[in-house]
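Asker: One structure coming up, written as structure tokens, with questions to follow.
The values are calculated or read from the model by the stated rules, or taken from the named source; none is laboratory data. None of the values given here were measured: they were computed from a predicted structure. Neighbour counts are summed over all protein chains in view; Cβ atoms, including those assigned to glycine, are modelled from backbone coordinates with ideal geometry. We work out accessible area using only protein heavy atoms, side chains counted, and drop any ligands, DNA or RNA first. Shrake-Rupley method; radii C 1.70, N 1.55, O 1.52, S 1.80 Å.
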Amino acid sequence: MKSFDYAAPTSLAEASALLAHANGQARILAGGTDLLVQLREHLREADLVVDVKRIPELMELSFTPEQGLRLGASVPCYRIYEHAEVSAAYPALAEAARIVGGWQIQSRASVGGNLCNSSPAGDTIAPLIALGASCTVVGPEGTRQVAAEEFCVSPGKNVLRRGELLSTIVFPPPAKSGGSAYERFIPRNEMDIAVAAAGSWVELDPSGKTIKNARVAITAVAPTPRFAAEASQWLAGKPATEETFAQAGELAKKVASPITDMRGTQEFRVHLVGVLTKRTLAKAVERARG
Amino acid sequence: MSKKIHVSTTVNGESVEFLCEARQSLLEVLRENLSLTGAKEGCNNGNCGACTVMLNGVPVNSCIVLAVEVEGAAIETVEGLACHGHLHPIQKCFLEGAALQCGVCTPGFLVTAKALLDKNPNPSEHDIRFNLANNLCRCTGYDKIVKAVQAAAAELQTR
């Protein structure tokens, strides 16, 4: 690895100033599971590495059923799935956190880092979009909120400007009759990158038979993670049946524009969007019914 | 030549200080500065798990941790498993079950297996395979490793 300077600021203001005034390229280090590999393989460059894990806001994990979840951008994945209440309130998020790499990766990798790495296949991003998460971005000009589906702009690129960092991901409180699920297709059991993936969230009406609200997100099938807006809106007011889930899958396919590569063909990936949307909706509804 | 940074940490219960460059990995410093050569460099990119050590109670790939990040942390390496010359039951079961051939992956498997049994003393075969998925072995085909972990779990439970 090439030489670089290292700083471990203890406040957001200090981190932002370091990032804004760095000589050359500054890079943010959370769990390092992407960055350190990229630096070693010369896929990214750094003159300054800013370790953000000593900033209290970035290591915060606080949840109440009334307020929802505040997830610091560098909280490692294992802290999510080991948190019983958070896993129960946001199962799609816990499911994704449990399959980001293997155990050693989950000990370090964070959801915030996964989002900022902005891979089209980032496992935790579909759950963020489906769960309606909002990203708190802090920079020299103050703080702004960015919806999870607006965060990534192209493969490896996102909305962060010079001097800005992601501080917290804020999740709305869990709905009373709500449920969520995340599934990806990989040809192995674990330790792989999604060929295609979907995350779904639903809220049912009091009868448990009709969908009141829904959000569907798909990943690894476009240059950025996608919010399936048409499918999500169409689901509101529909009966929670297999037929509805399958129809939503057809609508979700419309926002998929995948490439053909060694993991799968364009055609196969589009097909998977339909299947995974249907399955995650069914699972989310089952969870919403309790 | 980049300037060296002073780091204070704890390794296998002992206070340790070292000087390193920001770009050096924890694995590099453990092996080259501290002469703890148990953790192995396999892939050097976080895939194979041969460099697994415990960092503040959780298993990590030390090849993708910067040494400067461990200021104030507690690290446990495979060297800390055996106690006063007696092998840990997991080590004994790996030996007795011939759960290794070339041995390069073994330190990583031992550390991760210990982390698993500390958390879940009675894991199913699925639990073992799932939690050891970040440790790759190109010799054994894994079955003997899984059986050794099961044997160690059984032995630890009788204590």
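Asker: Tell me which of B:Cys63, B:Gly42, B:Thr140 sits at the most positive position along the dipole axis of region B:40-143, charges placed on C-beta atoms (Lys, Arg +1; Asp, Glu -1).
Answerer: Positive-end residue among those listed: B:Thr140.
Asker: Can I ask one more? Taking the 0 to 90 degree range and rounding to the nearest ten, how far is the long axis of helix A:242-253 tilted relative to the main principal axis of chain A, both from C-alpha atoms?
Answerer: Orientation of helix A:242-253: about 40 degrees from the principal axis.
Asker: Between region A:166-217 and region A:233-290, how many Å separate their Cα centres?
Answerer: Going from one Cα centre to the other spans 11 Å.
Asker: Give the carbon-plus-sulfur fraction of the accessible surface of the protein assembly as shown in %, rounded to a whole number; probe 1.4 Å, heavy atoms of protein chains only.
Answerer: Carbon and sulfur together cover 50 percent of it.
Asker: Counting heavy atoms of the protein chains only and a 1.4 Å probe, report the per residue accessible area for region A:178-289 as a whole number of Å².
Answerer: Details: 5020 Å² over 112 residues.
Normalised by residue count, the accessible surface of region A:178-289 is 45 Å².
Asker: Size of the dipole of chain B about the Cα centre, Lys and Arg at +1 and Asp and Glu at -1 on the beta carbon, nothing else charged, in debye to 20?
Answerer: My answer is approximately 300 debye.
Asker: I would also like to ask the following. Mean shadow of region B:13-99, computed from the convex hull of its alpha carbons, in nm²?
Answerer: 6.2 nm²
Asker: Mind checking the dipole of the protein assembly as shown: about its Cα centre, +1 per Lys or Arg Cβ, -1 per Asp or Glu Cβ, Debye to the nearest 20?
Answerer: Value, rounded to 20: 760 debye.
Asker: Could you report the buried accessible area between B and A, both sides summed, computed with a 1.4 Å probe and given in Å² to the nearest 100?
Answerer: Details: alone 8460 and 13170 Å², together 19110 Å².
What B and A bury together is about 2500 Å².
Asker: Do any residues of region B:55-80 lose at least 40 Å² of accessible area when the full set of protein chains is present rather than just their chain alone, and if so which, with a 1.4 Å probe?
Answerer: B:Val58, B:Pro59, B:Ile64, B:Leu66, B:Glu69
Asker: So between B:Lys119 and B:Ala154, what do we pick up on full extension, going 0.36 nm a residue minus the alpha carbon distance?
Answerer: Taking 0.36 nm per residue and subtracting the Cα distance, the gain is 11.1 nm.
Asker: If you don't mind, another one. What distance in nm separates the two pseudo spin-label positions at B:Leu87 and A:Ile259, each 7 Å out from Cα along the beta-carbon direction?
Answerer: Taking the simple label geometry, B:Leu87 and A:Ile259 are separated by 4.8 nm.
Asker: Would you calculate the separation in nanometres between label points at A:Glu190 and B:Arg129, each defined as 7 Å from the Cα along the Cα-to-beta-carbon direction?
Answerer: If labels sit at A:Glu190 and B:Arg129, their model points lie 1.1 nm apart.
Asker: Another question, if that's okay. Mind checking region A:141-181 for trypsin sites (Lys or Arg not before Pro) that DSSP puts in a loop (not H, G, I, E or B) and that have at most 16 other Cβ atoms within 10 Å?
Answerer: Listed in order of number, the matching sites are A:Arg161, A:Arg162, A:Lys176.
Asker: Hey, another quick one. Whole number please: convex hull volume per residue, Cα atoms of region A:179-290, in Å³.
Answerer: Expressed per residue, the convex hull around the Cα atoms of region A:179-290 is 86 Å³.
Asker: With every protein chain left in place and a probe of 1.4 Å, what is the accessible surface of A:Phe268, to the nearest 10 Å²?
Answerer: Rounded to the nearest 10, that gives 80 Å².
Asker: Further question: What shape does the protein assembly as shown take by its C-alpha gyration tensor, where a ≥ b ≥ c are the square roots of the eigenvalues and a/c under 1.5 counts as rounded, a/b above b/c as prolate, and the rest as oblate?
Answerer: Cα axes put the protein assembly as shown in the oblate bin.
Asker: Another question about this same structure. Please list, ordered by chain and number, the residues whose modelled amide H lies under 5 Å from the amide H of B:Val11; skip anything fewer than 5 residues away on the same chain.
Answerer: B:Val16, B:Ile75
Asker: Here's a follow-up. Hey, what angle do you get for helix A:12-21 against the long axis of chain A, alpha-carbon based, 0 to 90 degrees rounded to 10?
Answerer: Here the helix axis deviates by roughly 60 degrees.
Asker: Now for a separate question. Just tell me how shielded A:185-193 is by partners: mean number of partner chain Cβ atoms within 10 Å of each residue's Cβ, no decimals.
Answerer: 2
Asker: Using just the alpha carbons, could you tell me how many Å³ per residue the convex hull of chain B encloses?
Answerer: 108 Å³
Asker: Just to compare against my own numbers: the Cα pair-distance distribution for region A:5-51, 10 Å bins, whole % per bin, please.
Answerer: Answer for region A:5-51: a P(r) of 29, 54, 17, 0 percent.
Asker: What distance in nm separates the simple spin-label points at A:Lys176 and A:Asp205, each placed 7 Å from Cα in the Cβ direction?
Answerer: The two pseudo-label positions are separated by 1.5 nm.
Asker: Tell me which residues come under 5 Å, amide H to amide H, from A:Asn158 once H is placed; ignore anything under 5 positions away on its chain.
Answerer: Here the answer is A:Val153, since their amide H atoms fall under 5 Å of that of A:Asn158.
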